[in-house]
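Trainee: Please find one structure pasted underneath; my questions will follow.
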Amino acid sequence: MHAWPASEVPALPGKGRDLRIHDTATGGRITLDPGPVARIYVCGITPYDATHMGHAATYNAFDLVQRVWLDTKRQVHYVQNVTDVDDPLLERAVRDGQDWTELAERETALFREDMTALRMLPPRHYIGAVEAIPGIVPLVERLRDAGAAYDLDGDIYFSVDTDPHFGEVSGLDAEAMRLLSAERGGDPERPGKKNPLDPMLWMAARPGEPSWDGGSLGAGRPGWHIECVAIALDHLGMGFDIQGGGSDLAFPHHEMGASHAQALTGEHPFAKAYVHAGMVGLDGEKMSKSRGNLVFVSAVRRDGVDPAAIRLALLSHHYRSDWEWTDQVLADAVERLARWRAAVSRPDGPSADALVEEVREALADDLDSPAALAAVDRWAALQGAEGGTDEGAPGLVSRTADALLGVAL
C-alpha cells in the first residue's frame, strides 16, 4: 500500500532541541534521545468513513513529532497501518450494500488526499492489515506454541497472564480494563476464556465474511492488536521510540500490543514511550464514527477553507487536551492565517532569530503548539505595529511555520 506525497520541509538555521514528551506508561515527561534514526509507529484508520477532525488532530500531533526530530538533523523512520479488514468496515459495507474492499480503498484514498492537503509528512511504510496477514500468521503460531495463546472454538486468544508486564502501559486496574474492553471491541463476557481480558489473535472464518489461509490456525482473519505488532516488529523492531495514537488506544490496543510483542520476543519494552492525543468533541461528545457527530476534513475543504487554516485550528489546542470543534475555533484560525500571511508578505520586519528558538523550545516541551503559535503571533504583532529592517525576517518566519508547524504561508 502506498502513502501520500511528502511536502518539502525547509531547513532552518541551527539545530532543534531533543523532544520531551508525556509518556502514558510512566505518567510523566521523558526526554527521548533516539540516536541518528528516530523510530515511530502510529496506529492508522479503519477506512469505513472519511477523515474527521479527531483523526486529523491525532495525526497532526505525530506530524509535529516528526518535524521536531527532523529539526534535530535526525532521520525519521515512521510506520503507520491501515486496518483494512475489521468488523466496523464489514458492517458498514453490508449496511450500504457495497463491496468491503471497494469501501476500504475509497476511504483510504480520501484519507491520503486529506493528509496531503494538511501537509502531514507521510510514513516511510504504510501497511494494510490484509497485506500484513502473511507476517501475522507465524506470530500467532509462535505465541500458541509458546503457551501464550490458546484455542477457543477455533478462535485463538492471547493469554494476558503470560506477560508479567501486562498493565504497565495504561496503568488501569482490572475492573477498569474489563469495562473498557467491553466498550472498545473486546469480549470479556465470552465463556471459556482463561481471563476475561484475553484478546483475540485469530478469528476463525465466519459465514459470509472474508477469510485467509492461516496455516495451522485454519482459515480466518487477524485480531486487531496483533496486526500492529506484526507491522511494527517487521519494520521497526523492539524498543522503538514512540508508539502513538489517540488516548482511546491506550487500552486495550496499546496495552495488548505491548504484551503480544513482549511475549513473542522476551524483551521489554515494546516502545520507549507511549504517546496519546486527546479527543476532539462536537456538541458535547467525543467525535466518533459510531456516534455520527463528525466534522470531516474533506467537507471543510470543499467549503473552501484553506487547509492551512484547518491545521492552525488543530495546532491551537495542546495535543493531549480534549477539546471541542466549533465554528469559532475555525474562524479564529482563518483570521490567524490571514494575519500571519500579511505579516510575512512585507519586504522586511523585526528580527526572527529569537522566534525560531521560541518555537523550537515550545514544541520540544511536549509539543506545546499553542505556545508556538503565540510566539508567531507576537512577531506578527510587532511587524504590524513597528515593522523592522531585517530583510530576511519574513522569509525565516515563513520557513519556520512550514518546517516546524506544517503551515504554508
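Trainee: Magnitude of the Cβ-charge dipole of segment 174-296, K/R +1 and D/E -1, about the Cα centre, nearest 20 debye?
Mentor: That gives a dipole near 180 debye.
Trainee: Hey, what does the equivalent ellipsoid look like for segment 222-352, semi-axes from the Cα gyration tensor as sqrt of 5 times each eigenvalue, largest first, whole Å?
Mentor: 37, 21, 12
Trainee: How fast does the chain diffuse by Stokes-Einstein, in µm²/s, taking the Kirkwood radius from C-alpha pairs at 20 °C and 1.002 mPa s?
Mentor: Values: Rh = 22.3 Å.
The Stokes-Einstein estimate is 96 µm²/s.
Trainee: Name the residue from VAL169, LEU143, ALA117 whose Cα lies farthest towards the positive end of the charge dipole of segment 112-183, charges +1 on Cβ of Lys and Arg and -1 on Cβ of Asp and Glu.
Mentor: Going by the charge dipole, the pick is ALA117.
Trainee: Give me Rg over Rh for segment 288-409, both radii from the alpha carbons and Rh done the Kirkwood way, two decimal places.
Mentor: Rg/Rh: 1.01.
Trainee: Right, here's the next one. Amide H to amide H under 5 Å from MET120: which residues, 5+ apart in sequence or cross-chain, H placed 1.01 Å off N in plane?
Mentor: Distant-sequence amide H within range of MET120: zero hits.
Trainee: Give or take rounding to whole Å, what are the principal axis extents of the alpha carbon atoms in segment 228-299, in descending order?
Mentor: 45, 22, 18
Trainee: While we're on this one: Label-point separation (nm) for ASP377 and GLU102, each offset 7 Å from Cα along Cα-to-Cβ?
Mentor: Simple spin-label model gives 4.8 nm for this pair.
Trainee: Just to confirm a number: summing +1 for Lys and Arg and -1 for Asp and Glu over residues other than HIS268 whose beta-carbon lies under 10 angstrom from that of HIS268, what do you get?
Mentor: -3
Trainee: Here is a further query. Skipping prolines and chain starts, which residues have an amide H placed within reach, meaning under 5 Å, of the one on GLY246, given they are 5 or more residues away or on another chain?
Mentor: ALA277
Trainee: Could you tell me the ratio Rg/Rh of segment 142-202? Both radii from Cα atoms, Rh via Kirkwood.
Mentor: 0.95
Trainee: Search the structure for amide H atoms under 5 Å from the amide H of GLY128, placed 1.01 Å from N in the peptide plane, and list their residues when 5 or more places away or on another chain.
Mentor: Answer set, sorted by chain and number: VAL82.
Trainee: Can I ask one more? Provide the per-residue ³J(HN,Hα) series for segment 35-46, in order, calculated from phi with Karplus coefficients 6.51, -1.76, 1.60 and θ = phi - 60°, each as a whole number of Hz, with x at glycine and proline positions.
Mentor: These are the phi-based 3J(HN,Hα) values: x, x, 10, 8, 10, 9, 10, 10, 5, x, 7, 9 Hz.
Trainee: Now a separate question. Under 8 Å for C-alpha pairs, at least 6 residues apart: give me the relative contact order for segment 1-154, rounded to a whole percent.
Mentor: 32
Trainee: Here is a further query. Quick one: angle between helix 224-235 and the longest Cα principal axis of the chain, in degrees between 0 and 90, rounded to 10, please.
Mentor: Long axis of 224-235 versus the principal axis of the chain: about 60 degrees.
Trainee: For segment 64-135, what is the relative contact order in percent, using Cα pairs closer than 8 Å and at least 6 residues apart in sequence?
Mentor: This gives 47 percent for segment 64-135.
Trainee: Mind checking the angle between helix 129-145 and the chain's longest principal axis? C-alpha axes, 0 to 90 degrees, to the nearest 10.
Mentor: 50
Trainee: Also, quick follow-up: Bin width 10 Å, origin at 0, all Cα-Cα pairs of segment 150-305: what percent of pairs per bin?
Mentor: 10, 33, 33, 19, 5, 0
Trainee: Apply the Karplus curve 6.51 cos²θ - 1.76 cosθ + 1.60, θ = phi - 60°, to the phi angles in segment 209-222 and return the couplings in whole Hz, x for Gly and Pro.
Mentor: These are the phi-based 3J(HN,Hα) values: 10, x, 8, 9, 5, x, x, 6, 7, x, 5, x, 8, x Hz.
Trainee: Here is a further query. Give me the angle, in degrees from 0 to 90, between the Cα long axis of helix 53-71 and the longest principal axis of the Cα atoms of the chain, rounded to the nearest 10.
Mentor: 70
Trainee: Around GLN98, with a cut-off of 10 angstrom between Cβ atoms, what is the net charge of the other residues, counting Lys and Arg +1 and Asp and Glu -1?
Mentor: Its environment carries a net charge of 0.
Trainee: Using θ = phi - 60° and the Karplus relation 6.51 cos²θ - 1.76 cosθ + 1.60, list the HN-Hα couplings for segment 358-365 in order, rounded to whole Hz, with x at every Gly or Pro.
Mentor: 5, 5, 4, 5, 4, 6, 5, 8
Trainee: Taking a quarter of the surface of the convex hull around the Cα atoms of segment 1-152, what do you get in nm²?
Mentor: That works out to 12.2 nm², a quarter of the Cα hull's surface.
Trainee: Provide the gained length on full extension for the span GLU189 to HIS268, in nm with one decimal, where the gain is 0.36 nm per separating residue minus the Cα-Cα distance.
Mentor: Result: 25.5 nm gained on full extension.
Trainee: Which whole-number percent gives the relative contact order of the chain, counting Cα pairs below 8 Å spaced six or more residues apart?
Mentor: 21
Coordinate-derived values only; no laboratory data. Bear in mind that the values here come from a model prediction, so they are computed numbers and not experimental data. We place every Cβ from the backbone using ideal geometry, glycine too, and count neighbours over all the protein chains shown.
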